[in-house]
Amino acid sequence: MSNLKAFPTGGLYLLLFFLYLFGPLAVMVVTAFNSSSFPRISPWECLTSDWFFKLFEDETLIAGLGNSFVIGIGVVLVAVPVGLAAAIVLSQVGPHLRSVMYAVFIAPILMPGVVIGLSTLIFWDRLGTFFGAAYDSFFYSGMFLTIAGQVTFISAYSMLVFLSRLQRFDPTLTEAALDMGASQTQAFVKILLPFMTPAILSASVLAFLASMENYNTTVFTIVAESTFTTVLAQKVRYGLDPSISAVAVIIVGITLVGAIIFENYNRLRAQKETRAAATSAVPPLVRFATNPLVIIGLVLVCVIGFVTWVGTHDSSVCEANVEQLKREYQQEQLEQQRNRTPAPASEPAAPASPPANTGGGVFAPGNLSPGQPEAEEAPASPFGNVFAPENLQGGN
């Protein structure tokens, strides 16, 4: 009874947990198909696939994605062998030395990505200056610096994957091969390496994904170039549009399709090993529905159907109707605003004529014209006509 009473609480907790975990992804997936120029679910405008075309028309984003793929492959080629070597060394040394070496190997994971990026940039710059290298050499190449910076901590992730696999390895198999005359290289290639193959695949996928999503280190080491994450950061800084949601749809789709195909491939291999004991008790319909090949085929059909829909769907008519509705709504709002605005007051009366000049006609405009008779005789001067103009002329 106690378990039954606790179940609703546990179910509610799981529901809230998964909503918190996958809710933002679901929102981004939905906004990728809304014709609104801003990523949103409500109000819904039109079902569209235009944002996928605008995504692929973004040359900067496509170039950054190509750089990220090249960097990711380079990181896998370097970090996976380094992590495998570190795991083998840790499995063969004594306990005291193992703890010290483990702390050294795991330290880059504990460092902030900003510190790793800056230290990588400064180290290779000083090294290039020491050798007198030109600025177009690999010492200053953003691709090389990014691979070098990411390998320092992604190789530690790979090492942890290999250590978990090596814990289940029986070292007596290698000892038996050496006793039978095999060399160290032969024992490694024919015994240890096949056993580590699943871990190598897992570490490769982990290293590639960690390289693709890394930003803190990459933003310092990429120098003048760009990657997928740095371009996305710039787009977020300067304004969002639903093409970002289209990126999320593609990433989530690739992840789900890859996970489903990989899981059903493993189930298919397991069924081949136990085919004789597992086929008799299962009904044919259930056997067909749960067949890994059927599931893989259904997933591929869904992917092809989605790609076809994206390439053929046209939402121009719906978007034109939405624009017309927006213009009508704006016009209606303007009319309502005009109706609410009070009518302007009547025009003010003309100003009254200025008062009469108390100074007589002295300042009248006619007095300024030459040859006009004076409106009023000037008062007689007490000095007579001493200062008259004609008295200043010589010979008078």
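Accessible area per residue for region 108-210, computed on protein heavy atoms with a 1.4 Å probe, is 58 Å². Can you figure out the FRET efficiency of ALA224 with HIS96, using R₀ = 41 Å and their beta-carbon distance, to the nearest 0.05? The pair ALA224/HIS96 has a calculated efficiency of 0.30. Within region 50-175, the ratio Rg/Rh, alpha carbon atoms throughout and Rh by Kirkwood, equals 1.11. Translational diffusion of region 210-323 was estimated from the Stokes-Einstein equation, with Rh taken as the Kirkwood radius over Cα pairs; at 10 °C and 1.306 mPa s the coefficient is 86 µm²/s. With each label modelled as a point 7 angstrom along the Cα→C-beta vector, the SER183-GLU57 pair spans 6.0 nm.
The label-point distance for GLU319 and VAL29, in a model that sets each label 7 Å from Cα toward Cβ, rounds to 2.4 nm. Note that region 126-262 carries a Kirkwood radius of 18.7 Å, evaluated over its alpha carbons pair by pair.
The values are calculated or read from the model by the stated rules, or taken from the named source; none is laboratory data. Bear in mind that the values here come from a model prediction, so they are computed numbers and not experimental data. Cβ atoms come from the backbone with ideal geometry, glycine included; neighbour counts cover every protein chain shown. For the accessible areas, the whole protein counts, side chains as well, though only heavy atoms, and no ligand, DNA or RNA atoms are used. Shrake-Rupley method; radii C 1.70, N 1.55, O 1.52, S 1.80 Å.
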